[in-house]
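Read the structure below first, then the notes.
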Amino acid sequence: MNKHINVTYKVYANNYSIKKALDNLSSSKILSYDCETQSVYSIEEKAEAKELLKCCTDELSTENRRLSKLVAKSSGLSNPRLVKITHFLFGLSETESVILISNNYKTEVMICDWICNFEGKLLVHNSIFDISLVYSRVHRFPKDLEDTQLLAKTLVNHTQNWHSRVGLKHLMGSHFDPRWTALVETYDIVDYKNPNFLMYCAIDAAATFKLWNQLQEHLDETS
């Protein structure tokens, strides 16, 4: 029977405590990083846009029809201009994470600015997405970045994609709580402190750290 890694986490949700947490994180040599996102449009706004397209398309001007489609289809995976970062996740190790909750754009910019000033190594799984959001806020990149997804892809490369899957949950799912993938039903949460969602976030950050450690062990063994 597998013994799953127990992940603990701390949450900071106002600018004063977030700044204190970032000051403490500054001394770390290595951190994993991830984020959770939502559309800048609310659930109600997206529902209204969908209803307009359903019942009143012919009555909408070209501009309003285009805007309604944009709002209706928007999500946390949309263009960075249409996305808000709700949670910044930092893994300190395979078992410990820090979660910073952002409630406004100013806080997002403050944390993204810290990320780009961080002197240690930042581990990101799928940096193309996460770091594009950082860049869109402060127009800079982190100083020292390693993408665990790209590194894993080079090691498990295969002509058939099914044999070279490098999603974080696919690679690390067996090491953590089996409920990890089922903890979140939707990313459009209203309660940013929902316990299940926070645990999901914490495991994401810790799992990225765990994957990086495994990749380093593999490289050491084969060098």
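Is there a residue being in a loop (DSSP other than H, G, I, E, B) and within 19 Å of L31 (Cβ to Cβ) anywhere in segment 201-213?
No, every residue in segment 201-213 fails to be in a loop (DSSP other than H, G, I, E, B) and within 19 Å of L31 (Cβ to Cβ).
With respect to T154, determine if the residue is over 20 Å from S78 (Cα atoms) and touching a Ser or Thr at 6+ places or on another chain (Cβ under 7 Å).
The answer is no for T154.
So that you can scan it fast, the table gives a plain yes or no per residue for (1) modelled with pLDDT of 95 or more; (2) touching a strand residue (DSSP E or B) at 6+ places or on another chain (Cβ under 7 Å):
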{"site": "N2", "(1), (2)": "no, no"}
{"site": "T8", "(1), (2)": "yes, yes"}
{"site": "L25", "(1), (2)": "yes, yes"}
{"site": "Q38", "(1), (2)": "yes, yes"}
{"site": "Y41", "(1), (2)": "yes, no"}
{"site": "R65", "(1), (2)": "no, no"}
{"site": "S68", "(1), (2)": "no, no"}
{"site": "K84", "(1), (2)": "yes, yes"}
{"site": "L92", "(1), (2)": "yes, yes"}
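Confirm whether L22 is of a type outside the set (G, A, S) and out of contact with any helix residue (DSSP H, G or I) (no Cβ under 6 Å at 6 or more places or on another chain).
Numbers: of a type outside the set (G, A, S): yes; out of contact with any helix residue (DSSP H, G or I) (no Cβ under 6 Å at 6 or more places or on another chain): no.
Judged against the criteria, L22 is not a match.
Do any residues in segment 211-223 that are closer than 17 Å to N126 by Cα have Cβ atoms under 7 Å from those of residues that are surrounded by 10 or more Cβ atoms within 10 Å (Cβ to Cβ) and among the polar types (S, T, N, Q), where the two are at least six apart or on different chains, and which pairs are they?
These pairs meet every condition: L211/T148; W212/S32; W212/T148; L215/T148.
Mind checking which pairs have a first residue in segment 97-125 that is in contact (Cβ under 8 Å) with a residue 60 or more places away in the chain and on the phi > 0 side of the Ramachandran plot and a second that is surrounded by 19 or more Cβ atoms within 10 Å (Cβ to Cβ) and not in a helix (DSSP H, G or I), Cβ under 6 Å, 6 or more apart or different chains?
Cβ pairs passing all conditions: none.
Quick check on this structure: which one of L60, L67 is more than 27 Å from A206 (Cα to Cα), hydrophobic (A, V, I, L, M, F, W, C) and in contact with a helix residue (DSSP H, G or I) (Cβ under 7 Å, 6 or more places away or on another chain)?
So the residue among L60, L67 that is more than 27 Å from A206 (Cα to Cα), hydrophobic (A, V, I, L, M, F, W, C) and in contact with a helix residue (DSSP H, G or I) (Cβ under 7 Å, 6 or more places away or on another chain) is L60.
Within segment 1-35, which residues are farther than 17 Å from L122 by Cα, among the charged types (D, E, K, R) and within 17 Å of the chain's Cα centre (by Cα)?
Taking segment 1-35 as the starting set, the residues that turn out to be farther than 17 Å from L122 by Cα are 1-20.
Keeping just the survivors that are among the charged types (D, E, K, R) gives 3, 10, 19-20.
Within segment 1-35, K10 is the sole residue that qualifies.
Could you list, in sequence order, the residues of segment 175-200 that are within 19 Å of G76 (Cα to Cα), in a loop (DSSP other than H, G, I, E, B) and touching a helix residue (DSSP H, G or I) at 6+ places or on another chain (Cβ under 6 Å)?
Correct list: L183, V184, D188, I189.
Mind checking which pairs have a first residue in segment 1-26 that is part of a loop (DSSP other than H, G, I, E, B) and a second that is polar (S, T, N, Q) and at pLDDT below 95, Cβ under 6 Å, 6 or more apart or different chains?
Listed by first residue and then by second, the contacts come to nothing, as the list is empty.
The values are calculated or read from the model by the stated rules, or taken from the named source; none is laboratory data. Every value quoted in this text rests on a predicted model; they were computed, and no experiment measured them. Glycine gets a Cβ as well: all are built from the backbone with ideal geometry, and neighbour counts include every protein chain shown.
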